[in-house]
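Participant: Sharing a structure here in structure tokens format.
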Amino acid sequence: MTIEETQKWFETLNRACIALDIASSNMTKWRQQGYIPWKQQFKLAFLTEGELTPDDVDPYLVRNPKKPKTKKRKNDAREVEISRDSTISSQSNGL
């Protein structure tokens, strides 16, 4: 679902904002980022009784794919934890 489709169906974006019960500044933000958040797309689909259909995939994830976590990050975290524990134990032995 695009912003243009939404504007065409509601005639103005202000009417779409009123229907969604949101501030008009949200539509301005969506226009700048280039998509309507997926949650709002489903609300619009419900309000328009299916005439506007949401995207198949969350547009945020399409534009901002998540980086997979690697084992290296987990190992780094363990090393930090081990070194912190050894530092704490060496400090307490000196007291």
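The values are calculated or read from the model by the stated rules, or taken from the named source; none is laboratory data. As the structure is a prediction and not an experimental result, all values here were calculated from the model. FYI the Cβ positions are ideal-geometry reconstructions off the backbone, even for glycines, and counts take in every protein chain you see.
Participant: Among the residues of the stretch 1-27 satisfying the criterion of being more than 20 Å from ASN64 (Cα to Cα) and under 18 Å from the mean Cα position of the chain (by Cα), which is surrounded by the most Cβ atoms within 10 Å (Cβ to Cβ)?
Facilitator: Per the stated criteria, the residue is ILE22.
Participant: Counting just the residues of the stretch 45-65 that are in a helix (DSSP H, G or I) and touching an Asp or Glu at 6+ places or on another chain (Cβ under 9 Å), which one comes out modelled with the lowest pLDDT?
Facilitator: Going through the qualifying residues, I end up with VAL62.
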